[in-house]
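Worksheet for the structure shown next.
The values are calculated or read from the model by the stated rules, or taken from the named source; none is laboratory data. Bear in mind the structure is a predicted one, so any value in this text is a computation, not a measurement. Here the Cβ is made from the backbone with ideal geometry for all residues, glycine too, and neighbour counts use every protein chain on show.
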Amino acid sequence: MRILIVDDDPKLRAFVSKGLEAHGMQTSVASNGLEARAVLASLPQVPDLILLDVMMPGGDGMGLLEDLRRHGVDVPVIFVSAARAVEDRVRGLKLGADDYLVKPFQFDELLARIEAVARRRVTTLVHEVADLRLDVGRRIVERAGQRIDLSPKEFDLLRALVEARGRTVSRTELLEVVWGIRFDPGTNVVDALVARLRRRVDRKGIPLIETVVGEGYRLAPKGAE
């Protein structure tokens, strides 16, 4: 899972980030809502979940969640806050949060809540672009109702392009997301995988995968029309 931790307490951010990464998760951090918006804009994919504080200088959590939901971003959110009043929890859940955990908390409880939210969400995490349908939970891809069999790497590449929502994804970003490589190995591994993915996906309909010269690849809005 890719998790964004938004909290103004640097010690808590470090503690949670270290614990989650020890359990095989990838984490990004932000100190407030304003910084979180910048982090979200820079990430190649929408995170699988956001851990969000409520009261932060420089952009509170409620406002951030409200903006995300208003723009159709349905990423799972767990509020992690010292605000323990019932009305705070009710407001957060009504805004679209998936859970609300009161500080201080035990790490094991946080982990259990993350896993519970993931289980609830995974069955409904389906993306559709034009006649392309990508079911993340079952790792199934269909085009015009016909199943397309992809390798694990091809699926992860397609997911990265779909979740970028039309934004160009660089080769460097794809190396990190699909292969977990944070440096350029000096090979054409990304281009080769894109070529294979095109043969499987674009041959069944209007071409969707577009090369942006000098920048990377995107799931082209024009192809989705």
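Taking the criterion of being of a type in the set (D, E, K, R), in a strand (DSSP E or B) and in contact (Cβ under 8 Å) with a residue 40 or more places away in the chain, the only residue of the range 135-150 that qualifies is Arg143. Which residues, counting only those in the range 79-102, are touching a residue at least 24 places away in the same chain (Cβ under 8 Å) and closer than 20 Å to Lys11 by Cα? Those that are touching a residue at least 24 places away in the same chain (Cβ under 8 Å) and closer than 20 Å to Lys11 by Cα: Phe79, Val80, Ser81, Ala82, Ala83. Taken over the range 148-207, the criterion of being in contact with a helix residue (DSSP H, G or I) (Cβ under 6 Å, 6 or more places away or on another chain) and among the small types (Gly, Ala, Ser) is satisfied by Ala160 alone. Taken over the range 37-65, the criterion of being aliphatic (A, V, I, L, M) and within 13 Å of the chain's Cα centre (by Cα) is satisfied by Val39, Leu40, Ala41, Leu43, Val46, Leu49, Ile50, Leu51.
Filtering the range 84-108 to residues that are assigned to a loop (DSSP other than H, G, I, E, B) and within 23 Å of the chain's Cα centre (by Cα) leaves Gly96, Ala97, Asp98.
Looking at the range 120-134, which of its residues are among the aliphatic types (A, V, I, L, M) and in contact (Cβ under 8 Å) with a residue 12 or more places away in the chain?
As a first pass, look at the range 120-134 and keep what is among the aliphatic types (A, V, I, L, M): 122, 125-126, 129-130, 132, 134.
Answer for the range 120-134, where residues must be among the aliphatic types (A, V, I, L, M) and in contact (Cβ under 8 Å) with a residue 12 or more places away in the chain: Val122, Leu125, Val129, Ala130, Leu132, Leu134.
Residues in the range 151-168 that are under 18 Å from Val46 (Cβ atoms) and either aliphatic (A, V, I, L, M) or in a loop (DSSP other than H, G, I, E, B) (or both): 10 in all. Exactly one residue out of Val136, Val122, Val117, Val177 is hydrophobic (A, V, I, L, M, F, W, C) and at pLDDT 85 or above: that is Val117.
Somewhere in the range 65-76, is a residue outside the structural domain of Glu163 (by TED's automatic domain parsing), closer than 22 Å to Ala14 by Cβ and modelled with pLDDT of 90 or more? Taking every residue of the range 65-76 in turn, none turns out to be outside the structural domain of Glu163 (by TED's automatic domain parsing), closer than 22 Å to Ala14 by Cβ and modelled with pLDDT of 90 or more. For the range 169-197, a residue qualifies if it is in a strand (DSSP E or B) and surrounded by 20 or more Cβ atoms within 10 Å (Cβ to Cβ), and exactly one does: Val169.
I'm checking my understanding of the structure. Among residues of the range 215-225 that are at pLDDT 90 or above and not hydroxyl-bearing (Ser, Thr, Tyr), which one is surrounded by the most Cβ atoms within 10 Å (Cβ to Cβ)?
Here the residue is Leu219.
Just one residue in the set Ala116, Ala220, Ala112, Ala192 is more than 18 Å from the chain's Cα centre (by Cα), within 30 Å of Val80 (Cα to Cα) and free of Cβ contacts under 8 Å to residues at least 60 places away in the same chain; that residue is Ala112.
Quick check on Ala36: is it under 30 Å from Thr172 (Cβ atoms), assigned by TED's automatic domain parsing to the domain that holds Ala14 and not acidic (Asp, Glu)? Quick ask: steps written out before the conclusion?
Values: under 30 Å from Thr172 (Cβ atoms): yes; assigned by TED's automatic domain parsing to the domain that holds Ala14: yes; not acidic (Asp, Glu): yes.
It is true that Ala36 is under 30 Å from Thr172 (Cβ atoms), assigned by TED's automatic domain parsing to the domain that holds Ala14 and not acidic (Asp, Glu).
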